[in-house]
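The structure under discussion appears below in the form of structure tokens.
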Amino acid sequence: MLIRIDPTSEEPVFAQLASSIRADVGAGRLKPGHRLPSAKEVAESLGVNLHTVLRAYQELRDEGLVDIRRGRGAVITDAATATTHLEADVRALVRRAEELGVSRATLTGLVRDFPTKGDS
Amino acid sequence: MPHSHDRARVLARFRLVGLWIPIALFAAFAVVQMALLPRVPEQVAVHWDASGRPDGFAAAWTYPLTTFLLGLGMVLLIGGLALAGTRKSTSVDLRFVSAVNLGTAGFLGTLLMWLFLLQVDAAAPTGVSLGMWPVVATLALGVALGFVGWTLTPRYLSPDGDAATPEPVALRDGERAAWLGTTTLSRAGLGAIAAGMVLVIGSLVLVLQTDEPIAIWTTVGAMVLVIVAGVVCSVFRVRVDASGLTVRSVAGWPGFHVPTAEVRTVEVVQVNPMGDFGGWGWRLSPTHGTGVVMRTGEALRVTRTDGRMFTVTIDDATTAAALLRGHQQKTRV
């Protein structure tokens with residue numbers, strides 16, 4: 001698993017980590033059942049704080065992308081494959097938004113605020 | 001023998017020199033022993049002490065049985081695994097395996113034959129003493145046949161070469177990048193180790209016809225050592241980061257580290273565990289250097305500035321290699 005982060009970027013490191021792993025799952029490079037390296041290993045190899053990595057893993061757990069179990073660490077969930085099915089749709093949506101001149105931030109807001117089924 | 005342009009022919013020649021001929025030799029020895037069974041005592045000597053006096057005895061038929069089964073077992077195990085390991089690579093170099101199998105027939109086969117012949121027309125097995133000469137002579141014959149096996153086995157070198165050097169990852173200033181992976185002993189590797197142990201234990205049971213507690217405890221101790229060694233060498237964490245390449249067993253030991261500054265070349269190669277390294281696990285090869293060999297297939301190979309090589313079988317070796325090259329390039333700036 002390749003991880004690249006830029007500590008000088010405005011995006012917080014934990015968010016970059018989570019994005020990197022999310023992208024790997026989306027591209028099918030990380031499959032359900034795959035065990036992520038321990039947070040300690042990731043922190044050591046990148047030279048970042050352990051809690052930064054833990055925060056990234058927790059964010060992914062909150063999204064349902066990974067399961068964190070004692071002794072096993074962070075494991076990609078079966079539900080994670082669902083995101084891979086969305087990749088083509090995401091690509092189409094992003095390109096369409098670019099065509100229309102809608103910023104990525106606005107698009108993200110649109111998706112986040114879109115009412116879930118059942119709400120009026 | 002020089003290169004051959006026909007890969008299939010190279011494999012066929014290996015099967016002849018490294019499989020069929022050694023097996024035929026063991027079979028021939030066993031047949032001769034069976035033919036001579038009526039002329040040896042019913043109980044024969046199978047073990048001698050340090051002064052050459054026989055101290056272990058067994059039924060005479062254990063000789064042809066051991067000669068054939070042990071010989072067949074070793075040659076098939078080593079030769080078969082080496083052949084199976086060629087499936088992922090284009091180049092084929094099984095000269096060493098041929099040497100080992102033919103050499104084993106030359107040494108072990110002729111030694112067992114000699115020990116049996118000593119007892120033909122003997123009045124009683126207790127009188128058959130053993131000097132150094134048979135062991136020395138058969139060992140020399142084994143080495144000679146090993147050399148013959150090496151010489152008679154051609155290689156096939158893929159015209160494009162089997163090693164690939166991926167483009168280095170272009171790391172931006174301030175960027176941090178790491179590649180993390182795990183490599184685990186394959187089922188085939190585990191099976192090979194288990195089969196090897198069965199052969200060793202089986203032959204020890206046949207040969208160690210003694211109640212000496214020290215012999216039994218040494219055997220048990222050796223088995224425990226092999227199992228422990230196998231366990232600590234079955235799962236390794238592989239890491240590429242700014243500090244270089246680090247490969248460490250999940251048990252904590254053994255571990256290997258190549259600092260970025262000591263990296264001369266980085267390649268992705270195809271590994272044949274039995275053919276290239278003589279087996280699975282932590283291996284040392286005169287031609288390929290140190291290896292962490294968990295399965296057949298793609299591997300990361302680093303050559304240090306001092307010439308030493310280190311190889312680790314790992315999935316997605318290309319990305320790991322590209323990153324290592326990327327870190328290497330950064331230190332050169």
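The values are calculated or read from the model by the stated rules, or taken from the named source; none is laboratory data. Since the structure is predicted, the reported quantities are computational estimates derived from the model, not experimental observations. Neighbour counts run over all protein chains shown; Cβ positions are idealised from the backbone, glycine included. With ligands, DNA and RNA removed, areas are computed over all heavy atoms of the protein, side chains included. Shrake-Rupley method; radii C 1.70, N 1.55, O 1.52, S 1.80 Å.
Please go through the stretch B:309-333 and pick out each residue that is within 14 Å of chain A (Cβ to nearest Cβ), open to solvent by 50 Å² or more (accessible area, probe 1.4 Å) and in contact with a Gly (Cβ under 8 Å, 6 or more places away or on another chain). Scanning the stretch B:309-333 gives B:Asp315, B:Asp316. In this structure, does B:Asp93 turn out to be of a type outside the set (Phe, Trp, Tyr), loosely packed, with under 15 Cβ neighbours inside 10 Å and over 27 Å from B:Ala30 (Cα atoms)? In short, no.
Condition check ((1) under 23 Å from the mean Cα position of the chain (by Cα); (2) assigned to a loop (DSSP other than H, G, I, E, B); (3) at pLDDT below 85; (4) under 29 Å from B:Arg87 (Cβ atoms)) across all residues:
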{"position": "B:Ser129", "(1), (2), (3), (4)": "no, yes, yes, no"}
{"position": "B:Trp179", "(1), (2), (3), (4)": "no, no, no, yes"}
{"position": "B:Leu190", "(1), (2), (3), (4)": "yes, no, no, yes"}
{"position": "B:Val205", "(1), (2), (3), (4)": "yes, no, yes, no"}
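Could you check, for the stretch B:284-291, whether at least one of its residues is outside any loop (DSSP other than H, G, I, E, B), within 19 Å of B:Trp253 (Cα to Cα), open to solvent by 30 Å² or more (accessible area, probe 1.4 Å) and of a type in the set (S, T, N, Q)? Yes, some residue in the stretch B:284-291 is outside any loop (DSSP other than H, G, I, E, B), within 19 Å of B:Trp253 (Cα to Cα), open to solvent by 30 Å² or more (accessible area, probe 1.4 Å) and of a type in the set (S, T, N, Q). Number of residues in the stretch B:312-333 that are in a helix (DSSP H, G or I) and free of Cβ contacts under 8 Å to residues at least 60 places away in the same chain equals 2.
Select from the stretch A:10-36 the residues that are farther than 17 Å from A:Glu59 by Cβ, more than 12 Å from the chain's Cα centre (by Cα) and not acidic (Asp, Glu) and list them in ascending order. Result: A:Gly28, A:Arg29, A:Lys31, A:Pro32, A:Gly33, A:His34, A:Arg35. Against the list (1) closer than 23 Å to B:Phe14 by Cβ; (2) surrounded by fewer than 23 Cβ atoms within 10 Å (Cβ to Cβ), the condition B:Asp306 fails is (1). Is the stretch B:103-117 home to any residue that is closer than 30 Å to B:Ser158 by Cα and either of a type outside the set (Lys, Arg) or crowded, with 23+ Cβ neighbours inside 10 Å (or both)? The answer is yes, given that some residue of the stretch B:103-117 is closer than 30 Å to B:Ser158 by Cα and either of a type outside the set (Lys, Arg) or crowded, with 23+ Cβ neighbours inside 10 Å (or both). In the condition set (1) under 30 Å from A:Lys40 (Cα atoms); (2) out of contact with any helix residue (DSSP H, G or I) (no Cβ under 7 Å at 6 or more places or on another chain), B:Leu157 is compliant with all but (1). Screening the stretch A:19-62 for residues that are touching a strand residue (DSSP E or B) at 6+ places or on another chain (Cβ under 8 Å) and away from chain B (no Cβ under 14 Å) and picking the one that is surrounded by the fewest Cβ atoms within 10 Å (Cβ to Cβ) gives A:Arg61. Candidates are the residues of the stretch B:249-263 that are open to solvent by 60 Å² or more (accessible area, probe 1.4 Å) and more than 27 Å from A:Asp6 (Cα to Cα); the one that is nearest to the other protein chains (Cβ to nearest Cβ) is B:Val250. The single residue among B:Ala30, B:Ala50 that is farther than 30 Å from B:Met294 by Cβ and surrounded by 16 or more Cβ atoms within 10 Å (Cβ to Cβ) turns out to be B:Ala30.
From (1) in a helix (DSSP H, G or I); (2) modelled with pLDDT under 90; (3) open to solvent by less than 20 Å² (accessible area, probe 1.4 Å), pick out the condition that doesn't hold for B:Ser158. Going through the list (1) in a helix (DSSP H, G or I); (2) modelled with pLDDT under 90; (3) open to solvent by less than 20 Å² (accessible area, probe 1.4 Å), B:Ser158 breaks only (1).
For B:Val235, the stated conditions do not hold, so it cannot be described as farther than 20 Å from B:Arg308 by Cα, β-branched (Val, Ile, Thr) and modelled with pLDDT under 95.
Within the stretch B:229-243, the set of residues being in a strand (DSSP E or B), within 11 Å of chain A (Cβ to nearest Cβ) and either in contact (Cβ under 8 Å) with a residue 60 or more places away in the chain or surrounded by 18 or more Cβ atoms within 10 Å (Cβ to Cβ) (or both) comprises B:Val238, B:Arg239, B:Val240, B:Asp241. Can you tell me which residue is most open to solvent (accessible area, probe 1.4 Å) among those in the stretch A:63-75 that are among the β-branched types (Val, Ile, Thr) and touching a Phe, Trp or Tyr at 6+ places or on another chain (Cβ under 9 Å)? My answer is A:Ile68.
Residue by residue, here is whether (1) out of contact with any strand residue (DSSP E or B) (no Cβ under 9 Å at 6 or more places or on another chain); (2) over 22 Å from B:Leu157 (Cα atoms); (3) in contact (Cβ under 8 Å) with a residue 24 or more places away in the chain holds:
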residue	(1), (2), (3)
B:Val10	no, no, yes
B:Leu19	yes, no, yes
B:Gln33	yes, yes, yes
B:Trp48	no, yes, yes
B:Asp55	no, yes, yes
B:Ala58	no, yes, yes
B:Ala82	yes, no, yes
